2 protein chains.
Amino acid sequence: MYRPSDFPPFAVTVDLVVLTLRSDELCALLVRRGEAPHKGRWALPGGFVREDESLDAAAARELAEETGLDRVHLEQLGSYGDPRRDPRMRVVSVAYLALAPDLPVPVAGTDASEARWSPVDTAGKLAFDHGRILADGVERARSKLEYTPLGTAFCAPDFTVAELRRVYELVWGTALDARNFHRKVTGVPGLLEPTGETTTRDGGRPAQLYRRGPAATLHPPLVRS
Amino acid sequence: MYRPSDFPPFAVTVDLVVLTLRSDELCALLVRRGEAPHKGRWALPGGFVREDESLDAAAARELAEETGLDRVHLEQLGSYGDPRRDPRMRVVSVAYLALAPDLPVPVAGTDASEARWSPVDTAGKLAFDHGRILADGVERARSKLEYTPLGTAFCAPDFTVAELRRVYELVWGTALDARNFHRKVTGVPGLLEPTGETTTRDGGRPAQLYRRGPAATLHPPLVRS
DNA sequence: ACAATAGTGTCTGTGAGACAGTATTGT
DNA sequence: ACAATACTGTCTCACAGACACTATTGT
């Protein structure tokens, strides 16, 4: 029972769609491939799942290796297993979506490959099926902003309503009315907790600083119109 | 490069959460395991992904083998890859969610194992991590009813508003106001297309029959309160 | 006639979007 | 003073929930 001949062997990898906001654009972390196939082409960061780790743990490990950060939002996005997605062998990739606040310049991976933040709309043609995976990740992020507090994942721990609104505007690519947005988000129970502090870092009148609250879903949701 | 020693070998399977409505309950298709481990225990139907087929194709093939049906809604649910989820070896399972109208008795699988429709709330303890996968599938179905036309996947090709309402009531486990539901779903553009026929199969005044319309998402959504 | 179900109308409260107006800072 | 941003208030329209009412069948 279950001899090797009973099933075809697969390699399993995790690939990461790591999104952040940099210079007023939604950006994804890309690394340049140092080997064939697709040598020299930009790709999503990722790597093989190890024998003794779960998929979630593999994603968290790769994320830490690439960005140096943990404690950011990380969720499974989906799996991609077309038989010809990697010409060398049969590979199933489990994609993960990570959302991070603005980070310093990307750290080089363990293989010292080049890395950069690329605006998601001008990422160009990526290696393998990574363009499709990136598009799926961006769409997931856009829709999750509607009914979860995940917009706060792009913000520093303490943030203003205007900064959160900027997140929504940049991720959705739409302009929002600052006054209605303020009334809306401060009215959703459990979304924001005032810290009591204020800041003038955005100019103008001092703004209340907030932390993310305990709500896991938004009632009512913020809808893209 | 990429010698077998470079990565650990995995087995990749697809497991199916097939949901339908039978005798006023939301039911899932289960098969009884004929082999260790978990011999005799109920499990989700599934099997190994073949060397030359995509994940989607493997799921569709397994679904056809177990139910005899294609042309039902089928979508990827997520992947489960805990190192110890199968005691024999490292297996990553890609779970799929299928929604089907009421079917005849389940056909036996190719291995002639026993099969049945079980109400999702009283499925008991399943093999491996299938209880978790089933719960995730049910929750996915419940939330997808809110903003997609997937409720129609549980109906026959021609259905009445009352039959669609019954779908929502059974999947969500809540009672809905028949009059408001009628006004709501007939007002969502692209959700329903009248066939021009009527039926009295539900008793009372003849009801208009509808087909599913072209809408892919519901604007506005039907919300669980 | 009556039960049963289909479908419409009406009212009320809530919330979204538009936008006027006030508050508090830096320069 | 002025620009800039934060925040509050007000109006209108759309829609959800509650529920009265009418319509059309089978028995």
Q. How large is ³J(HN,Hα) for each residue in segment A:54-64, as worked out from phi by the Karplus curve 6.51 cos²θ - 1.76 cosθ + 1.60 (θ = phi - 60°), to whole Hz, x for Gly and Pro?
A. 6, 4, 4, 5, 5, 5, 5, 5, 5, 5, 5
**Q.** Principal axes of segment A:129-173: Cα extent on each, largest first, Å
**A.** 37, 17, 17
Q: May I ask for the Kirkwood hydrodynamic radius of chain A, worked out over all distinct Cα pairs and given in angstroms to one decimal?
A: 19.0 Å
Q. Taking Rh as the Kirkwood radius computed over C-alpha pairs, what is the Stokes-Einstein D of the protein assembly as shown at 4 °C in a medium of viscosity 1.567 mPa s, expressed in µm² per second?
A. 53 µm²/s
**Q.** Coarse-grained scattering of segment A:148-212 at q = 0.22, 0.23 Å⁻¹, given as base-10 log I(q)/I(0) from a Debye sum over alpha-carbon atoms
**A.** -0.96, -1.05
Q: Mark the label point 7 Å from the Cα of A:E53 along Cα→Cβ and return the residues of segment A:69-83 whose backbone N is within less than 14 Å of it.
A: A:69-71
Q: Sticking with the crude label model, points 7 Å out along Cα→Cβ, report the distance from A:E35 to A:T186 in nm, one decimal please.
A: 5.5 nm
Q | ³J(HN,Hα), Karplus 6.51/-1.76/1.60, whole Hz, each residue of segment B:20-35, x for Gly, Pro | A | 8, 10, 9, 6, 6, 9, 7, 10, 10, 7, 10, 10, 8, 6, x, 9
Q) On full extension of the chain, what length is gained from A:T122 through A:E197, given 0.36 nm per residue of separation minus the C-alpha to C-alpha distance? A) 23.2 nm
Q) Sequence-distant or interchain residues sharing an amide H contact under 5 Å with B:L126, placed H: which? A) B:G131
Q) Which loop trypsin sites (Lys or Arg not before Pro) in segment A:121-225, with loop taken from DSSP, have no more than 11 other Cβ atoms within 10 angstrom of their Cβ? A) A:K125, A:R201
Q) Applying 1/(1 + (r/R0)^6) with R0 = 22 Å to the Cβ-Cβ distance of B:L69 and B:S143, what FRET efficiency is obtained, to the nearest 0.05? A) 0.35
Q: For A:G78, enumerate residues with amide H under 5 Å from its amide H, sequence gap 5+ or separate chain, H modeled in the peptide plane.
A: A:A95
Q: Per residue of segment B:153-167, in order, report the coupling 6.51 cos²θ - 1.76 cosθ + 1.60 (Karplus, θ = phi - 60°) as ³J(HN,Hα) in whole Hz, putting x for Gly and Pro.
A: 5, 7, 9, 5, x, 10, 8, 9, 4, 5, 5, 5, 4, 4, 4
Q: Specify the longest stretch of chain A that does not include any exposed loop site, a site being one of the GluC sites (Glu not before Pro) with a non-H, G, I, E, B DSSP assignment and at most 11 other Cβ atoms within 10 Å.
A: A:52-225
Q: May I ask which of A:K184/B:K184; A:K184/B:K144; A:K125/A:K184 have a Cα-Cα span longer than 29 Å here?
A: A:K125/A:K184
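Readers should treat all values here as calculations from the given coordinates under stated rules, not as data from a laboratory. Please read all numbers here as calculations on a predicted model, not as lab measurements. Here the Cβ is made from the backbone with ideal geometry for all residues, glycine too, and neighbour counts use every protein chain on show.
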